[in-house]
1. Looking at region 58-85, which of the residues that are of a type in the set (S, T, N, Q) and part of a helix (DSSP H, G or I) is nearest to Gln134 (Cα to Cα)?
2. Looking at Asn81, Asn114, which one is out of contact with any His (no Cβ under 8 Å at 6 or more places or on another chain), on the phi > 0 side of the Ramachandran plot and of a type outside the set (A, V, I, L, M)?
3. For region 14-26, which positions are open to solvent by less than 40 Å² (accessible area, probe 1.4 Å), in contact with a helix residue (DSSP H, G or I) (Cβ under 8 Å, 6 or more places away or on another chain) and either at pLDDT below 95 or not small (Gly, Ala, Ser) (or both)?
4. Can you find a residue in region 117-134 that is within 13 Å of the ligand (Cβ to nearest atom), open to solvent by less than 80 Å² (accessible area, probe 1.4 Å), under 16 Å from Ile23 (Cβ atoms) and not in a loop (DSSP other than H, G, I, E, B)?
5. Given the residues Gly31, Gly49, Gly21, Gly36, which is the only one that is in a helix (DSSP H, G or I) and within 19 Å of Gly125 (Cβ to Cβ)?
6. Take the residues in region 1-13 that are open to solvent by less than 30 Å² (accessible area, probe 1.4 Å) and of a type outside the set (S, T, N, Q), then tell me which one is farthest from Tyr132 (Cα to Cα).
7. So in region 54-70, with the set limited to residues that are open to solvent by 60 Å² or more (accessible area, probe 1.4 Å) and closer than 12 Å to Gln41 by Cα, which one is nearest to the ligand (Cβ to nearest atom)?
8. Using beta carbons and a limit of 9 Å, which pairs, at least six apart or on different chains, have the first residue in region 54-77 and of a type in the set (D, E, K, R) and the second one within 8 Å of the ligand (Cβ to nearest atom) and open to solvent by less than 40 Å² (accessible area, probe 1.4 Å)?
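The values are calculated or read from the model by the stated rules, or taken from the named source; none is laboratory data. Predicted, not measured: the structure shown is a model, and the values here were computed from it. Every residue, glycine as well, gets a Cβ built from its backbone with ideal geometry; the counts of neighbours run over all protein chains shown. All accessible areas refer to the heavy atoms of the entire protein, side chains included, with ligands and DNA or RNA removed. Shrake-Rupley method; radii C 1.70, N 1.55, O 1.52, S 1.80 Å.
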Amino acid sequence: MALERTLCIIKPDAVEKRKQGAILQRLQEEGFQIIGLRQAQLARQIAEGFYAVHRERPFFAELCTFMTRSPVLLIALERENAVQHLRSVIGATDPAKAAEGTVRKQFGSSVAENAVHGSDSPENGRLETSYYFQGSELV
Ligand code: CMP
């Protein structure tokens with residue numbers, strides 16, 4: 001199987017709880033290569049662009065307010081089967097429904113404040129990685 005790229009975001013709730021280290025360690029233990037890493041406080045326009053697919057959803061404004069309230073960690077990851085593997089490691093969107101041992105079960109507190117984002121398809125893995133990182137920043 002070929003190497004894939006995927007984007008993980010450690011969201012404001014998890015950064016506020018100082019869980020970045022624990023989550024990065026888990027990603028490394030799961031065999032991901034961290035090929036890009038940056039802390040940022042997202043501008044509203046950047047968050048709205050990233051989540052544009054959800055623009056018509058009732059939670060869109062809440063989601064963008066949450067994602068911009070304090071810093072996030074943007075992480076570009078590489079691994080075989082990276083997209084599916086990251087999704088299984090982070091678990092269901094709603095932490096209450098996420099399996100034991102998943103990152104969202106461990107660190108998320110609600111469907112809105114669910115600790116991490118992970119790309120949902122190989123195409124989005126590429127698109128989302130390039131939304132936040134230039135090619136020269138990925139090593
Ligand atoms: P994420 O994987 O970042 O992709 C879209 C996000 O929208 C999702 O995680 C949740 O944090 C958020 N989301 C999905 N459904 C809801 C909801 N019903 N209310 C608030 N936020 C939601």
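1. Gln84
2. Matching residue, one of Asn81, Asn114: Asn81.
3. Result: Ile23, single match.
4. Yes, region 117-134 has at least one match.
5. Being in a helix (DSSP H, G or I) and within 19 Å of Gly125 (Cβ to Cβ) holds for just one of Gly31, Gly49, Gly21, Gly36, which is Gly49.
6. Asp13
7. For region 54-70, the residue satisfying everything is Thr65.
8. Arg57/Tyr51; Arg57/Leu63; Glu62/Ala112
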